[in-house]
Structures are given as structure tokens and as C-alpha cells.
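The values are calculated or read from the model by the stated rules, or taken from the named source; none is laboratory data. Keep in mind it's a predicted model, so treat the numbers as computed, not measured. All Cβ positions, even for glycine, are placed from backbone atoms using ideal geometry, and neighbour counts span all protein chains on display. Surface areas here come from the heavy atoms of the whole protein model, side chains and all, with no ligands, DNA or RNA. Shrake-Rupley method; radii C 1.70, N 1.55, O 1.52, S 1.80 Å.
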Amino acid sequence: MGEITWRYRNFELDTSFLQIKQTEITQISWYKYAFYIHVIFAVLALPAGFTQFNKTILKTFPGLHKTLGYLYVVVILFFAAPSGFLIGMKANGGLVAQVAFTLLAVSWFYYTLQAVLKAKNGDFKAHKNFMIRSFALTCSALTLRYWKVILVYFFHPNPMDLYQLIAWLGWIPNLLLAEWIINQNK
């Protein structure tokens, strides 16, 4: 993800993925800002999220857990999920992909917000479960790309069909895995 994000370091409007989003960039005034906000902030959620499930950090350095947790939450609630929603509304692949990406953004926001509210109410079991769901959706950035590689390698699908498929595969299996993990820990 770092390498993918690094491609956008100069804020050019014709780099990588943006090469196929020129209509949006030229016709929708907010698109480039939403895109770059999403790229910059969403990548921060991954390392912050990975640390949240480390038992050593949680027990030995609870202040670090809390600080990184706040970073994770702020990044998602104020930047990554809202910008993801906006760019999701303009996703390639038409309505099928647009619905997938906007549902992902709404779910990501919802589960993250619920995790915060549960922690504030002292319900740390529910907090953990909502954070598992939230982080599963954070990892959709990774799984979407893995699915793309696997499907192209084995099946060589039409690019738009592929995009519509990975828009859903990037996060639905993650969420199902999260629910399985949560049910295993009951």
C-alpha cells in the first residue's frame, strides 16, 4: 500500500488510477480533493489498526493503544470514510461498483463510530468486536488488490467486470471473516 500511495506523492492528476478518472477530475470540482484525502489518510489507518490487536501493546502500553486508536478513529471518521463515500459515488463499473464502494464507506464509518461509542460506554467487549469489523473493512484496501491479481491471473476477465466484482470481493469476505472471528471468541 505504501508503494501504491507513493505514486501520488506529487499530487499529479494523471498518475496511475487517475489516468482513467480524467472525466471526473475535469468535470467534478471536488473529485481530486476527495481522492487525495482518501489516499493520504486511508493508508494511515492500516498501520494504526494493525497495532490495536497486539496484546503486548494493549497490556504493556495502554496509552499507546489509546493514542493509536484515536489516530485510527479520526483518520476514518473525518477523512478516509467520507472521502471514500464521495469517490465511491463516482466509481468505475457503474451502479454495481458504486453501490459496493459507498456501502463499504458507510459500513466502515458506522462500525468505527460504534466502536468508539461502545468504548465510551465502557462496553469493551462490544468495542473490540466493532473494531474487528472496522479493521476488516480497513483491510479491504489490501484484499481488493489481492483479488484483482488472483482473478486476472486465473480468469482474465473483462476489466469492467473485474472492477465490479472486486468492488464487492474487497470487503464482503473480510466482513464475513470478522464475524467468524467474533463468534469464535464468544
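Here are some notes:
- Simple spin-label estimate for SER29 and ASP123 in nanometres, 7 Å along Cα-Cβ: 4.2 nm
- Applying 1/(1 + (r/R0)^6) with R0 = 22 Å to the Cβ-Cβ distance of LEU177 and LEU103 gives a FRET efficiency near 0.80.
- Residue-averaged [θ]222 nm for the chain, counting only DSSP H segments that reach four residues, each worth -39500 (n - 2.57): -24000 deg cm²/dmol
- Debye, to nearest 20: dipole size of the chain, +1 on Lys, Arg Cβ, -1 on Asp, Glu Cβ: 680 debye
- Across the chain, Cα pairs under 8 Å and at least six residues apart give a relative contact order of 17 percent.
- For the chain, the longest principal axis of the alpha carbon atoms and the long axis of helix 124-138 meet at an angle near 20°.
- With each label modelled as a point 7 angstrom along the Cα→C-beta vector, the VAL152-LEU13 pair spans 2.6 nm.
- In the chain, the longest principal axis of the Cα atoms and the axis of helix 62-74 are about 30 degrees apart.
- For peptides 62-73, 167-178, sequence by mean Cβ density within 10 Å, most packed first: 167-178, 62-73
- Candidate values (i) 0.94; (ii) 0.96; (iii) 0.99, label of the one derived for Rg/Rh (Cα atoms, Kirkwood Rh): (iii)
- Spacing of the modelled spin labels on ILE57 and TYR70, each 7 Å from Cα toward Cβ, amounts to 1.6 nm.
- Portion, in percent, of the accessible area of the chain that falls on carbon or sulfur, probe 1.4 Å: 68 percent
- Per residue, the chain exposes an accessible area of 58 Å² to a 1.4 Å probe, with every protein chain left in place.
- The long axis of helix 140-155 is offset from the longest Cα principal axis of the chain by roughly 50 degrees.
- Pairs of Lys in the chain closer than 16 Å at Cα, counting only those 8 or more apart or on different chains: 16
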